[in-house]
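Working notes, beginning with the structure itself.
The values are calculated or read from the model by the stated rules, or taken from the named source; none is laboratory data. Note that the coordinates shown come from a computational prediction; the quantities given were computed from them, not determined experimentally. Backbone-built Cβ (ideal geometry, glycine too); neighbour counts: all protein chains shown. Protein only, heavy atoms only, side chains kept; ligands, DNA and RNA dropped before computing areas. Shrake-Rupley method; radii C 1.70, N 1.55, O 1.52, S 1.80 Å.
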Amino acid sequence: MKPPAPARLDRGFFDRSVHAVAPDLIGATLLVDGVGGVIVEVEAYHHTDPASHSHGGRTERNAVMFGPPGHAYVYRSYGIHWCVNAVCEPAGEASAVLIRALAPTHGLDRMRARRGLDDARLLCAGPGRLCQALGITKTLDGAPLDAPPFVLLARESTPAIVAGPRIGITKAADKPWRYGLAGSRFLSRPFRAG
DNA sequence: CAGTGGATGCTCT
DNA sequence: GAGCATCCACTGT
């Protein structure tokens, strides 16, 4: 017997608190046009969190965060990189999970060509790196995660998850809202005691 | 391995 | 005009 195909995550998966969705995304598989891998690192940004782009209210850039869950919020970081989030919670709550690192499993050659690197460990180890490897840009801002070019597959077992402070922020920097797959070689940075 | 600084462009005040 | 949810190259141990 052929094992059952992994379930696709539907929009209902994201229609929960960002603090529930974020750790549940660890171990899920994210693909864009067939290129991607297993999510090993994420960060949660709640609308009541001063570090969240949505904290100051709706603007042109963060408008997608105020829309329905299960969609991609893509923004430009430091003028150079793209970063991708999954919008969570009921529409209007404006919370999202930043996807920070993948363990590459699909389309390694295309990732290497886009990144100009051979080392699999560095292809998707960081939010800007993974967007470059998967070809994610502003054109996917607002796109649903349960339709092409995205594929999002549920994990098939519950992994060991570690948590710690988020990276690269100055506000609410003490909150332990970064989640990672314990022991993964593909994290953007190691977890302190994990 | 740790720390520093430059690149680079858009958003918001 | 300031401030970034980053990355890379370079320095010094």
- Message: Among the residues of the range A:112-143, what is the count of those that are open to solvent by 40 Å² or more (accessible area, probe 1.4 Å) and either hydroxyl-bearing (S, T, Y) or part of a strand (DSSP E or B) (or both)?
- Response: 2
- Task: Mind listing whichever residues of the range A:61-115 are free of Cβ contacts under 8 Å to residues at least 60 places away in the same chain, over 19 Å from A:D146 (Cα atoms) and within 8 Å of DNA strand C (Cβ to nearest atom)?
- Result: A:N62, A:S77, A:Y78, A:G79, A:I80, A:H81, A:R115
- Kindly establish whether A:G56 is closer than 24 Å to A:T170 by Cβ, at pLDDT below 95, open to solvent by 10 Å² or more (accessible area, probe 1.4 Å) and within 14 Å of DNA strand C (Cβ to nearest atom). yes
- Item | Selection within the range A:2-43 - farther than 20 Å from A:L140 by Cα and touching a Phe, Trp or Tyr at 6+ places or on another chain (Cβ under 8 Å) | A:V18, A:H19, A:V21, A:A22, A:P23, A:D24, A:I26, A:V40, A:E41
